[in-house]
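The values are calculated or read from the model by the stated rules, or taken from the named source; none is laboratory data. All values derive from a computational prediction rather than experimental measurement. Cβ sites come from the backbone with ideal geometry, for glycine too, and all protein chains shown count toward neighbours.
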DNA sequence: GCGACGTGCAACTCTGGAGTTGCACCCACT
DNA sequence: AGTGGGTGCAACTCCAGAGTTGCACGTCGC
């Protein structure tokens, strides 16, 4: 196990899928708080069976969010910031990209507005409110 | 519609759930690229029906990732960076928190290591490799 | 060796969400 | 008025994934 995807894109993919589940987020919380934890221990703090926890840990491991290490008869899990950080950066740059696009569109719209206003005086146009949305 | 959750926590919750689906991410991509788009238009660029797109847009809207605006007989959707940005920050701070905890644990472990080494010389101990994990 | 504890594997149930189809409604255009 | 394109609503199918149970195997402690 612990074969995280090669491409950064798929990494983000699996990380997002992994983080989508509340139980898995809770698991990460618990592991991070304790520094180290086993499936059995974690299951005690959750309303699900050990097997369910094991499956979740497998998903988290595949996403590179945790790493497993065997110590004697037990398997200890630790949190792994790298993948999470990568995803955070991806998301932040995406948000920035959206911002840029929106600013650009707004600029273009305003330019067109000025253009039409100076060119000819047609105040009789359908409302076309840009986006009241919320 | 477009009633985004009040608490920031639930916001992150819904955003993560929304971003978990590849089709929805593709939708956001398309909307961001075009600046504005309708469900019908978007469906033409995707291998799914318009209704499927509508449902996805409803989810994205509930997560605050898009905003809808009616223009004549069509409903146009635009991208909304705010929620995405919030989630990105949440994720980044979480990663930073993990980093802090790991550094702390490592520090403590090293201190304990030095302690036991100077206190008594017991080289006959089980391996206990910290975490080869991957 | 023996019991206790933790893990691993497999088969099973069941619900949520992704997707579809069909139809009714609204608005623009001529 | 009537037609076409876009939206909205509802009922339906289908399957991945979350969770369970049961049992076998390895490992620690005595």
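A single member of B:23, B:38, B:14 is within 20 Å of residue B:94 (Cβ to Cβ), at pLDDT 95 or above and more than 8 Å from chain A (Cβ to nearest Cβ), and it is B:14. Whether any residue in the range A:44-63 is at the interface with chain B (Cβ under 10 Å from one of its Cβ atoms) and either modelled with pLDDT of 95 or more or over 30 Å from residue B:27 (Cα atoms) (or both) is what I want to check. Taking every residue of the range A:44-63 in turn, at least one turns out to be at the interface with chain B (Cβ under 10 Å from one of its Cβ atoms) and either modelled with pLDDT of 95 or more or over 30 Å from residue B:27 (Cα atoms) (or both).
Restricting A:35, A:64 to those that are under 17 Å from the mean Cα position of the chain (by Cα), surrounded by 15 or more Cβ atoms within 10 Å (Cβ to Cβ) and at positive phi reduces the list to A:64.
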